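Please read the structure below before turning to the comments.
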Amino acid sequence: VALCVAQPPRVEHGRATQPLALTNSTLAASMAAAEGPPEAFTLKGGERVRDSMQHLIKGQLDIYYPPVLVSYATGTRDTKHGHDRDVDAPGCGPGMAYCMSVCHQMDARGIDTFSGLHVPAGTNWEVFLLKLSSRFAQCKVLIVIVTPALFKSLPCLKEIYTALTSKTKIKIIPVLFEGPIPDASEQWSMIKPGDSETLLMLTKVQESFGKLNTIPSPPGTILGQPSLMNRVLDDVQLHLGMSAGQTQHADPVAHSTPVAHSVMDGEKGGAQGRAKVQPVVAPPVHSTRPAAPATVKAKGNAKGNAKGKAAAPSSMQMDRANGEGDFPGKISAYRMQGCWYCCCYPLGQAVYYKKAHDDNRLLHSGVVFIFFMIPLPFEEERHRNVGTARHRKIRSYTRSLNPTHRTTTPRRPGANKRVC
């Protein structure tokens, strides 16, 4: 199965890239049409999937704590894992396609996710556990992609156990992509009687996770009933306090110039070679990725939307013309997320990072240099002025929920520039 989609290029560090943006509907339809998982994964196909997933991360990985995490097992089909021949390249397998399917559909609904595929090369996979349960973790939902390979993966066992024992209540949703589910005695059979710590995890997971109903119920699978993914997505949105079926951070980009990307390369009958690429035009992707850096200049008490000195890419121009949801000309806070430099004469300058809490709220944190010499760390929350692209400072976070206590700071001559 070869999948292709169309998406306009994204500008990154001054150069255009071609990220993959694969929607769940396209992937699920292709898998369902094949009545099974992708035929084969090559190393190149696996790298394309990882690149696609890592483009979903907003801002810096170290401070990215999304509300939904996805646990999956790669499920490499080779002789080492009980198959009669080597189908997939090392480290690749159908579990990657299933995880990508879930995460991209979540992204289309404005939900940030994280999985092992989001972890870049050279980073310990256990960063997943920090996003799942740590002091700064904001995880509310763990989606577990259930396949036979899941019950052979110790990292998956550890991830599920961490969610079950987290101090914050995490909702676990098992989604059945492949069957059959092995008997309890055959699950994680590599654990030995003397492995006390791992045995403790196994017992807890089988007692709690084993009692949860999967979507769909066996022997049905998502591959056979792809429409049931909507039920999963609706359940997640309701648990996060969103309206079921709601799409956020809409980016009405028309895919007028298809750019095809092969995700999986085929290997049939042991013969190596690329599968024939059949272009699949995906429905409009609701992107939550930041656009190209823009320079914003403000003078005196000028009012109105921020004006960019540099020409924005066509996708951002379209956003400004049609708006990103609430009103014409709205610029999502997610597009402003990144590193910024500010010069406010004669008071000083600042370097700081803008982090988007949601579509209308930003958190600024960094260092201001008073009179261009004295460094002073700061952190401030800013909320959008209703109906504009501007955000005003909230002096007290504890008061920010009460509109009567919101205050603004008079504007002074100065300029802001996004640097990364």
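Read-outs throughout are calculated quantities, based only on the coordinates presented, and are distinct from any laboratory measurement. A quick note: this is a predicted structure, and the numbers were derived from the prediction, not measured. Cβ atoms come from the backbone with ideal geometry, glycine included; neighbour counts cover every protein chain shown.
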- Task: Please identify every one of the chymotrypsin sites (Phe, Trp or Tyr not before Pro) in segment 68-168 that sits in a loop by DSSP and has no more than 13 other beta carbons within 10 Å of its own beta carbon.
- Result: W125, F136
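If we count every other residue with Cβ under 11 angstrom of G116's Cβ, Lys/Arg +1 and Asp/Glu -1, where does the sum land? Kindly include the intermediate steps, with their values, before the conclusion.
On the way: positive: R50, K131; negative: E126, E159.
Cβ neighbours under 11 Å give a net charge of 0.
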- Summed side-chain charge close to V205 - residues other than V205 whose Cβ falls under 15 Å, Lys, Arg +1, Asp, Glu -1: -2
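Based on the Cβ-Cβ distance from E207 to R392, what FRET efficiency comes out when R0 is 35 Å, to the nearest 0.05? Write down the numbers at each step before the final one.
Values: r = 51 Å, r/R0 = 1.45.
Computed FRET efficiency for E207 and R392: 0.10.
With a cap of 12 neighbouring Cβ atoms within 10 Å, and only residues DSSP puts in a loop, list the trypsin sites (Lys or Arg not before Pro) found in segment 57-99. Walk me through the intermediate numbers first.
Values: sites: K58, R77, K80, R85; in loops: K58, R77, R85.
Hits after loop and neighbour filter: R85.
Report the full-extension gain for the segment T123 to C343: residue separation times 0.36 nm, less the Cα-Cα distance, to one decimal in nm. List each step's numbers first, then the result.
Numbers: separation 220, 0.36 × 220 = 79.20 nm, distance 3.52 nm.
Extending this stretch completely gives an extra 75.7 nm.
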